[in-house]
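Notes for the one structure printed next.
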Amino acid sequence: MKQALLILSVLGMGIAQTSGAVETTFQPNNTLSHTVTNISTSVNYGSSRNIYSTNSGAHVYSNDEISQAIDNLSAHAKQKEYQLASLTSRLSYEQRQKQASRVPDSNSAPAIAAARASRVALSRSSGYCARYVRKALQSAGYEFTPNPSAYQYATRGTLAQAGFTKISNDTPHQVGDVIVYDRSSRRPHGHIQIFDGTNWVSDFRQKGISPYSGVHSYTTWRDSKYVDDASDRGIYLAMADK
């Protein structure tokens, strides 16, 4: 009860002082009235001691005790803040370690597909990006029904059926990631490409992430084995759909 009254005096009461004496006026906080009731106070003029009367009797606290209670609360809050910062740092480190362990090695399906695409890439576009990327994926063991147009690998669920998950376009790229560009009036078949760890490759080695000039809509896909977990997939999808 003593601690509750101290906290109440700090958080739920207003304090006013007059010259020549210390007068403390208390206004009960309605939000606390259900836990501490029937509190009356009296003030000893010329004194720094305050009397609190409750159902269980009278309790006397000095201003020093109230100040000490404030200091204790402040120290406790700082301790909790430090513990929270430490926990956040630890979780961030563990997440980075977990992500590092999920990077495909040279013998993984994503790396094999990317290496095949890079090895047979032309110096300029032939217009057959879907064929080149499809063969690269199949050479790595991915199974799916081929599509005539590049954009259909995303819209028909082909990549999802092959074991890929759609992730955020803002996710840092890693070897084996696949990007599918939507079709447009100028490019009715869209475009598909795969990342070899350094460059984006389709039927040719591209100079950048986009084979086009300007801004075009696309989706990014990653082998589901290298996506953290089901909850992260949901986050990626939510981000990607924005």
Sites E94 and R186, calculated FRET efficiency, Cβ-Cβ separation with R0 41 Å, nearest 0.05: 0.30
For segment 97-182, which whole-number percentage of the solvent-accessible area (1.4 Å probe, protein heavy atoms only) is attributable to carbon and sulfur atoms? 45
Based on the Cβ-Cβ distance of T155 and S123, what FRET efficiency does E = 1/(1 + (r/R0)^6) give at R0 = 30 Å, to the nearest 0.05? 0.50
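The values are calculated or read from the model by the stated rules, or taken from the named source; none is laboratory data. All values derive from a computational prediction rather than experimental measurement. With ideal geometry, Cβ positions are generated from the backbone for all residues, glycine too; neighbour counts draw on all protein chains shown. Quick note on the areas: whole protein, heavy atoms, side chains included, nothing else; ligands and nucleic acids left out. Shrake-Rupley method; radii C 1.70, N 1.55, O 1.52, S 1.80 Å.
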